[in-house]
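**Student:** Pasting in a structure now, in structure tokens, and then I'll have a few things to ask.
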Amino acid sequence: MKTIVKYIALKNKDYQLGHPLFEEELEETGDYFERIPSHIQFQNVQFKVKSKELTRKQIFDDFEESQTIIVKVIAMTEA
């Protein structure tokens, strides 16, 4: 199913609170939410996942399913 994952910084010296880091659009299964790693790296900075939110949408007439995942992260260390 179409999966949009948005990564948002909660705390970092280079980003304001709530700053969107990046977004990716994937074709994934419904269990992708559980498979998101607890740490990610973006622009040579290691981030720890603080929380995840999942929203699923299903349109019956078009047999379309999609999910949006918002991942909130905090910066750990410079890589």
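**Student:** Hey, among the residues in segment 13-36 that are exposed (fewer than 11 other Cβ atoms within 10 Å of the Cβ) and closer than 11 Å to V73 by Cα, which one's modelled with the lowest pLDDT?
**Tutor:** So, considering only residues that are exposed (fewer than 11 other Cβ atoms within 10 Å of the Cβ) and closer than 11 Å to V73 by Cα, the one modelled with the lowest pLDDT is L17.
**Student:** Let me ask another. Give T68, T55 a once-over and let me know the one that is in a strand (DSSP E or B) and either on the phi > 0 side of the Ramachandran plot or loosely packed, with under 11 Cβ neighbours inside 10 Å (or both).
**Tutor:** After ruling out the rest, the residue left standing is T55.
**Student:** Taking segment 2-12 as the search range and keeping residues that are under 11 Å from the mean Cα position of the chain (by Cα) and hydrophobic (A, V, I, L, M, F, W, C), which one is farthest from A75 (Cα to Cα)?
**Tutor:** Looking at residues that are under 11 Å from the mean Cα position of the chain (by Cα) and hydrophobic (A, V, I, L, M, F, W, C), I get I4.
**Student:** Sticking with this one: Being acidic (D, E) and at pLDDT below 95 is the filter; apply it to segment 48-64 and report the residue that is nearest to the chain's Cα centre (by Cα).
**Tutor:** Among them, the one singled out is E64.
**Student:** Another question, then. Mind listing whichever residues of segment 1-50 are assigned to a strand (DSSP E or B), out of contact with any Phe, Trp or Tyr (no Cβ under 9 Å at 6 or more places or on another chain) and of a type in the set (F, W, Y)?
**Tutor:** Matches in segment 1-50: Y15 only.
**Student:** Just to be sure, is V45 at pLDDT 95 or above and in contact with a strand residue (DSSP E or B) (Cβ under 8 Å, 6 or more places away or on another chain)?
**Tutor:** no
**Student:** Evaluate the following for L10: is it in contact with a Leu (Cβ under 7 Å, 6 or more places away or on another chain) and touching a residue at least 24 places away in the same chain (Cβ under 8 Å)?
**Tutor:** It is true that L10 is in contact with a Leu (Cβ under 7 Å, 6 or more places away or on another chain) and touching a residue at least 24 places away in the same chain (Cβ under 8 Å).
The values are calculated or read from the model by the stated rules, or taken from the named source; none is laboratory data. Predicted model only: the values in this text are computed from it and were never measured. Positions of Cβ are generated from backbone atoms using ideal geometry, with glycine treated the same way; all protein chains shown enter the neighbour counts.
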